[in-house]
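Engineer: What follows is a structure written as structure tokens; I'll ask about it next.
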Amino acid sequence: MRIGFFTDSYFPGIDGVTYTIQAWRDRLEDRGHEVSVVYPDGDYEPGPHEFPVPSLPNPFYEQYRLPLYRRLSSLPEFDVVHCHGPASTGLMGRRYARKRGAASVYTHHTPIEDYLIQGLKVETAADFAGRLYVAYENRFLRSFDCVTASTSRIRRDVEHRQLPVGIEMDTFRPGADGMFPDDETVIGYSGRLSAKKNVDEILRLAEAMPEYRYVIVGEGPERESLERDAPANVEFRDFFPRERLPEFYASMDVFVTASTCDTLGLSTLEANACGTPVAAADVAPFDETIGSDNGARFAFGDVQSMRDAVEDCLTGGRDTREAVQEFSVDRTVDELEAIYRGEA
């Protein structure tokens, strides 16, 4: 099949959507499909089957660009259009599918309404804009042949197929764990440093449990204020290259997250695949993905509950890798092929 991925975020940006697209593309191509990516241009040199869309800088979030438009006639023939965002590039994909009669699939990755506060600053304005945005995206999603999302709840009024984005189990596995000294207990986090990720809760944990070392890996609009407020036992690092993440996950003792905006929390499951338990807030999606076999959950905002979850992870023996086999990206791609063929 000839498959076109239309995405509003791509390299050189680093996020779960970009890595998911790369993982799916690699595996689909290994199975003999031709996969093209249509994405906002930026500081990235396109390779074969990559088609940049003219774009502008994003005044609200430097990592992402605002795509404009590219003539559909400049794109190759696709049997399937798979959109990964609701902005201009996603709209191009939907228009392409309608005009050319291609099958159309949409994957819901990000609840964008949770991030509007970063640009608008005023909560009432962000809430109002969020309601308008969700109404728009509901209509947008209903125009696709199939909508997928990683868990059973996507906060959208549309039928969808549950399809986890998938863990690269061959990459994320237990291995060398020499990143930190053996005599240190390390609590770690990796991800965007934005408001709804609630990394400030990890700082509260670090103050309550000063006997442990905390390593926070990531970048984003909250980093400056988080570093300013962090206690001495917290260390911040920039995003690691993807190939170093397995070493980071395998080297820490517990991965912790208080995020309330994830659709799957891929980094938590990647840590599990590397043998590391996860302490996560008892909110969606972690109430579906994190349990006694691969970690522990805590009441959001309750530092004592957070401490208890971390201690549980430190003392309980778990085969966390076995617990997340169901989220393997190879299983996901099996289902993707069935969706593309109209069999699902």
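The values are calculated or read from the model by the stated rules, or taken from the named source; none is laboratory data. Please read these numbers as outputs of a predicted model, since none were measured by experiment. Heads up, the Cβs are rebuilt from the backbone with ideal geometry, glycines too, and the neighbour counts pull from every protein chain shown. Side chains included, ligands, DNA and RNA excluded: accessible areas come from the protein's heavy atoms. Shrake-Rupley method; radii C 1.70, N 1.55, O 1.52, S 1.80 Å.
Engineer: How much of the DSSP bridge set in the chain is antiparallel, in percent, rounded to the nearest 5?
Structural biologist: 5
Engineer: Hey, if we sort Asp293, Asp330 by accessible area with the 1.4 Å probe, largest down, what's the order? Show your work: numbers first, answer last.
Structural biologist: Numbers: Asp293 105, Asp330 75 Å².
Putting Asp293, Asp330 in descending order of accessible area: Asp293, Asp330.
Engineer: Just want the answer: with Cβ charges of +1 for Lys and Arg and -1 for Asp and Glu, which residue in Ile117, Phe78, Thr20 is farthest toward the dipole's positive end in the chain?
Structural biologist: Phe78
Engineer: For a paramagnetic label modelled at 7 Å from the Cα of Ser152 toward its Cβ, which residues of the range 275-305 fall within the zone defined by backbone nitrogen distances under 18 Å?
Structural biologist: Answer for the range 275-305: 282-293.
Engineer: How much length, in nm to one decimal, is gained on full extension between Lys99 and Val283, taken as 0.36 nm per residue of separation minus their Cα-Cα distance?
Structural biologist: Details: separation 184, 0.36 × 184 = 66.24 nm, distance 4.06 nm.
Going from the current span to full extension adds 62.2 nm.
Engineer: Out of Gly101, Gly32, Gly265, any idea which swings most in a Gaussian network model of the chain, alpha carbons joined below 10 Å?
Structural biologist: Gly32
Engineer: Put +1 on the Cβ of every Lys and Arg and -1 on every Asp and Glu Cβ in the range 235-334; which of Gly301, Val333, Pro241 then has its Cα farthest towards the positive end of the dipole?
Structural biologist: Pro241
Engineer: Let me ask another. Over what distance in Å are the Cα centres of the range 131-181 and the range 295-344 separated?
Structural biologist: 13
Engineer: Would you work out the relative contact order for the chain, in percent, from Cα pairs under 8 angstrom that are 6 or more residues apart?
Structural biologist: Values: 680 pairs, mean separation 48.5, N = 344.
About 14 percent, as a whole number.
Engineer: What are the residues whose amide H is under 5 Å from the amide H of Phe6, where those residues sit 5 or more places off or on another chain and H is modelled from the backbone?
Structural biologist: Val38, His82, Cys83, His84
Engineer: Kindly write out, for the range 223-236 in residue order, the coupling ³J(HN,Hα) from the Karplus curve 6.51 cos²θ - 1.76 cosθ + 1.60 (θ = phi - 60°), rounded to whole Hz, with x marking Gly and Pro.
Structural biologist: Working through the residues one at a time gives 4, 4, 5, 5, 5, 5, 9, 6, x, 5, 8, 10, 10, 10 Hz.
Engineer: Probe of 1.4 angstrom, ligands and nucleic acids ignored: what's the accessible area per residue over the chain, in square angstrom?
Structural biologist: Details: 14830 Å² over 344 residues.
I get 43 Å² per residue for this part.
Engineer: Still on this structure, I have one more. Using a 1.4 Å probe on the protein chains only, how many percent of the accessible area of the range 131-179 belongs to carbon and sulfur?
Structural biologist: On the way: 1200 of 2570 Å².
Exposed carbon and sulfur together represent 47 percent of the surface.
Engineer: May I ask you to derive the FRET efficiency for Asp319 and Ser73 from their Cβ-Cβ distance with R0 = 56 Å, giving the value to the nearest 0.05?
Structural biologist: Numbers: r = 53 Å, r/R0 = 0.94.
The pair Asp319/Ser73 has a calculated efficiency of 0.60.
Engineer: What is the dipole size for the range 61-215, taken about its Cα centre, with +1 at each Lys and Arg Cβ and -1 at each Asp and Glu Cβ, in debye to the nearest 20?
Structural biologist: Details: 22 positive and 21 negative charges, 279 e Å.
Value, rounded to 20: 1340 debye.
Engineer: Also, I was wondering about something else. Dividing the Cα convex hull volume of the range 55-175 by residue count, how many Å³ per residue is that?
Structural biologist: Each residue corresponds to 165 Å³ of Cα convex hull volume.
Engineer: Another question, then. Using the alpha carbon gyration tensor of the range 206-279, what are the three equivalent-ellipsoid semi-axes (square root of 5 times each eigenvalue), largest first, in whole Å? If you can, show how the numbers build up before the last one.
Structural biologist: Numbers: eigenvalues 79, 46, 35 Å².
Ellipsoid half-lengths, sorted descending, are 20, 15, 13 Å.
Engineer: Hey, another quick one. Using the 2.2 N^0.38 Å rule of thumb for compact globular proteins, work out how the chain stacks up: its C-alpha Rg over that value, please.
Structural biologist: Values: Rg = 20.1 Å, N = 344, 2.2 N^0.38 = 20.2 Å.
After normalising by residue count via 2.2 N^0.38 Å, the value is 0.99.
Engineer: Right, something else. Residues with amide H under 5 Å of Thr185's amide H, sequence separation 5 or more or different chain, H placed in the peptide plane at 1.01 Å from N; which?
Structural biologist: Arg213
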